[in-house]
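S.K.: Shown below is the structure under consideration.
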Amino acid sequence: MHFHQNISPQKRVSFNFAPIMKILAIALLALNFTNADYMFSHKADYKACLAELQTMLPAASDNKEKAEVCWRLARVYLMLGDAAGDKETKASLYAKGIDAANDGISANPANYKCFMWRSANRGRDCQMKPLPQQAAASGQILDDLEHIINQLGRTDYSEAWEALSQLYIAHPLKSDDAGISYAYRAAMTIPKDELRVSTLMWLASVLYDRNDGAQDREKAIKANREKFTASAKTNTAKYAYYEGNATLPWLTSSSAQLSDREEAKAILRYAESKYNACADKTPVDRQDYAELIKLKNKWN
């Protein structure tokens, strides 16, 4: 059937499909983050990534898609802030990251990555503020991380566990042992397609600094196993006793039989072997590996 068949000669119009096809192409682009993610992870071209995401934002077809753009914007603002040379520029970029994450949360409160990158930008901004303001900000950061793990139930999200671990280790009123358990959980939930050498180095570093001997570890791990299997009101309460409750890929024997520093060195060896076996390394992977070698040399 011809498109003009039932239209009188007086009312026939010419239909131009080009604008419609252009709109559809933009909509399809907003669903495909492959190029933006590649520019972020493999090219470390954060300005180009930002430009592309800013183009995609108005093309988002629904709130879920908008939130996907927003958390990526928050992530790239964080990296641009880290690279900035002065505090004012850093603060401005971190604030934009927080705003982007807030927009994503408003669009889709179930998007846990919006909470993650809001907390990350808050954390960076917090480091530049006076101590009283840092205390207030740390509470907001903790709220975001606990929301991801407890309310949204993302116990498999490595980045949230690592950030929670860092918060606990840095906070004078939080348990270092819980922070180490969270570091274990972060290491055990690294996605299979990511190296995340920095996450493994974090766990190795907190173990090295704690410096418990094998006998003390054995007692603590036994107690952790009993508490971990007991019921807990929240996921963060349960995983505060995660140490000793996972089969660790860097060990051939029970971790209770090693000192903290012996296991820390085993983790670095494991991270190095993972790096050497990986064919698809990102610029961040290479930077992390350089730090790993420095740490390894320092501990030997």
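The values are calculated or read from the model by the stated rules, or taken from the named source; none is laboratory data. Please read all numbers here as calculations on a predicted model, not as lab measurements. Cβ placement follows ideal geometry from the backbone for every residue including glycine, while neighbour counts extend to all protein chains displayed.
S.K.: Inspect all residues belonging to region 226-235 and state whether any of them is within 30 Å of residue 298 (Cβ to Cβ) and at pLDDT below 95. If you could, list the steps in order and put the result at the bottom.
M.R.: Applying the first criterion (within 30 Å of residue 298 (Cβ to Cβ)) to region 226-235 yields none.
The answer is no; no qualifying residue exists.
S.K.: May I ask you to list pairs of residues, at least six apart or on different chains, whose Cβ atoms are under 6 Å apart, with the first in region 100-121 being basic (Lys, Arg) and the second being in a helix (DSSP H, G or I)?
M.R.: Final answer for the pair search is 113/71; 118/98; 118/101; 118/144.
S.K.: Inside region 160-187, can you point out the residues that are surrounded by fewer than 22 Cβ atoms within 10 Å (Cβ to Cβ) and charged (D, E, K, R)?
M.R.: Listed by number, the residues that qualify are 174, 176, 177.
S.K.: Next question. For region 52-99, give me each residue that is without any contact (Cβ under 8 Å) to a residue 40 or more places away in the chain, part of a helix (DSSP H, G or I) and among the polar types (S, T, N, Q).
M.R.: Selection gives 54, 55, 89, 92.
S.K.: Could you figure out which of (1) out of contact with any Asp or Glu (no Cβ under 9 Å at 6 or more places or on another chain); (2) at pLDDT 95 or above isn't true of residue 97?
M.R.: The one condition residue 97 does not meet is (1).
S.K.: Another one. Taking residue 187, is it over 24 Å from residue 148 (Cβ atoms) and out of contact with any strand residue (DSSP E or B) (no Cβ under 9 Å at 6 or more places or on another chain)? Break it down stepwise before answering.
M.R.: Numbers: over 24 Å from residue 148 (Cβ atoms): no; out of contact with any strand residue (DSSP E or B) (no Cβ under 9 Å at 6 or more places or on another chain): yes.
No: the conditions fail for residue 187.
S.K.: Give region 260-270 a look and list any residue that's crowded, with 19+ Cβ neighbours inside 10 Å and in contact (Cβ under 8 Å) with a residue 40 or more places away in the chain, or say none. Talk me through it step by step, then tell me what you get.
M.R.: First, pick out the residues of region 260-270 that are crowded, with 19+ Cβ neighbours inside 10 Å: 260, 263-268.
260, 263, 264, 265, 267, 268, listed by residue number.
S.K.: Can you tell which of 255, 273 is free of Cβ contacts under 8 Å to residues at least 40 places away in the same chain, touching an Asp or Glu at 6+ places or on another chain (Cβ under 7 Å) and not assigned by TED's automatic domain parsing to the domain that holds residue 40?
M.R.: Values: 273 fails: touching an Asp or Glu at 6+ places or on another chain (Cβ under 7 Å).
When all the criteria are applied, what remains is 255.
S.K.: If I ask for residues that are without any contact (Cβ under 8 Å) to a residue 24 or more places away in the chain and either among the aliphatic types (A, V, I, L, M) or closer than 12 Å to residue 196 by Cβ (or both), which ones from region 276-295 would you list?
M.R.: 277, 279, 290, 293
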